[in-house]
Amino acid sequence: MSAHPKILVIVHDIDDNLNEMANPIAEAGILMTTWDVQNDGDGQPALDELGQYSGIISLGAHAGVLEEAEHPWMSHERKIMAWALDTETPLLGLCFGSQLLASTAGAKIYKAEVGEFAWTKVDMLPEAASDPVLGSLGDSADAFQFHYDTFDLPENAVLMGEANGMVEAFKVGSSAWATQFHPEVGLSQQLAWLSTYSRAFAREGIDLEEQIAKSHALAASYRKQAWDLSEAFAKQVLVFHAKR
């Protein structure tokens, strides 16, 4: 096994990557291997070789869990998540990653009555305060959102954050964490999304100018929030790696 711990980063679309959360991981001495699921199977990690990784991060996606039959990569990723849960390998799911984790843990996924788009506020629950990863988000978290689906809390999960009647942050078992929102998406990516998907935001009644202004105002604090969360997850990866 390499002296340097490695994590597998699962990217589903070209416009959502680790962004602000990449540097803290690298600075912790952790190597990142990326699997782009859109790359026609190239780079798809073999299940019998997952032991080389001391952590998994699953990012956002245009596709939803309800469309799994249309996307063969999704079933493979579900197996990777099941492996992480079975081996207690640190796992972090963000937006789509949180939905697939919830589904893998047995929860129902369904269309939200009202989706969440652009800036919202997440209330972090007392259960999160002592958590080594999600505790980094404090009592409340600014959240940049873009999702139509939601899910029930898995039976073996602990609810850590909620907003608008939806699950926003949770933990499964001892070493799997998730946020429904996008802590990784920094200012430049937020502005790109607000431009590229402006019609989609407008259809949801989003005031684009207001959201653009809010992205600027929250740029520094959101970056710190992303870094704090990334550093907290990196610490769990290092602890896990040291025990192997």
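Key figures for this structure:
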quantity: Highest-MSF residue in the chain out of Gln38, Gln99, Gln190 [GNM, Cα springs under 10 Å]; calculated: Gln38
quantity: Bridge type composition, the stretch 1-148 - antiparallel percent by DSSP, nearest 5; calculated: 40
quantity: Dipole-positive endmost among Pro24, Tyr222, Ala128 within the chain (Cβ charges, Cα centre); calculated: Pro24
quantity: Nearest-ten-degree value, helix 208-217 long axis tilted from longest Cα axis of the chain; calculated: 60
quantity: Ile14, Ile56 arranged by Cβ crowding within 10 Å, fewest neighbours leading; calculated: Ile14, Ile56
quantity: Choice from Arg203, Arg223, Arg78 with maximal GNM fluctuation in the chain (Cα, 10 Å cutoff); calculated: Arg203
quantity: Relative exposure of His241, His76, judged by other C-beta atoms within 10 Å (fewest first); calculated: His76, His241
quantity: Among beta bridges that DSSP assigns inside the stretch 83-187, antiparallel share in %, nearest 5; calculated: 85
quantity: Shape category assigned to the stretch 56-181 from the gyration tensor of Cα positions, a/c cut at 1.5; calculated: oblate
quantity: Of Lys111/Lys214; Lys121/Lys235; Lys6/Lys224; Lys214/Lys243, pairs whose Cα-Cα distance is over 32 Å; calculated: Lys214/Lys243
quantity: Cα gyration tensor shape of the stretch 46-122, rounded if a/c is under 1.5, else prolate or oblate by comparing a/b with b/c; calculated: prolate
quantity: Nearest-ten-degree value, helix 72-87 long axis tilted from longest Cα axis of the chain; calculated: 60
quantity: Length added when fully stretched, Thr87-Asn23, from 0.36 nm per residue minus Cα-Cα; calculated: 20.4 nm
quantity: Most fluctuating residue given options Leu137, Leu47, Leu92, as computed from a GNM of the chain linking Cα atoms under 10 Å; calculated: Leu47
quantity: Net charge of neighbours whose Cβ lies under 14 Å from the Cβ of Gly205, counting Lys and Arg as +1 and Asp and Glu as -1; calculated: -3
quantity: Sparse-neighbour loop sites [GluC sites (Glu not before Pro); the stretch 143-211; at most 16 other C-beta within 10 Å; DSSP]; calculated: Glu155, Glu204
quantity: Given charges at beta-carbon only (K, R positive; D, E negative), |dipole| of the stretch 15-139 in Debye; calculated: 240
quantity: Cα-based shape type of the chain, given that a ≥ b ≥ c are square roots of the gyration tensor eigenvalues and the cut on a/c is 1.5; calculated: rounded
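None of the figures in this text is laboratory data; all of them are computed from the coordinates on show. Every value quoted in this text rests on a predicted model; they were computed, and no experiment measured them. All Cβ positions, glycine included, derive from the backbone under ideal geometry; neighbour counts span all protein chains shown.
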